[in-house]
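Where a number appears in this text, it was derived from the coordinates with a stated rule and is not lab data. Owing to the predicted nature of the structure, the values given are computational and were not obtained by experimental measurement. Ideal geometry is used to build each Cβ from the backbone, glycine not excepted, and the neighbour counts take in all protein chains shown.
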Amino acid sequence: MAEFGWLWVLLAVINANIAASNRRSPIARFLLSLAIGPIATVILLLRPAPPLEAKSPAQLPGTTD
């Protein structure tokens, strides 16, 4: 999930820009945020997961095979 953390930051920046916009009325900003938020969240959740790396388990100190 950490690989896609920048997408959540991008979503927050877009939402902040919508909220700070002076050219729209407050109700228009609210409605636009309601429309964009769920769409962006669905896009983030539907992205394919990164492949899992196969790692061998770490050997405990003092043990031998």
Approximate spin-label separation residue 24-residue 40, in nm, with each point projected 7 Å along Cα-to-Cβ: 1.1 nm
Distance (nanometres) between label positions extended 7 Å along Cα→Cβ at residue 6 and residue 33: 2.6 nm
Cα→Cβ-extended label distance, 7 Å offset, between residue 13 and residue 49, nm: 2.8 nm
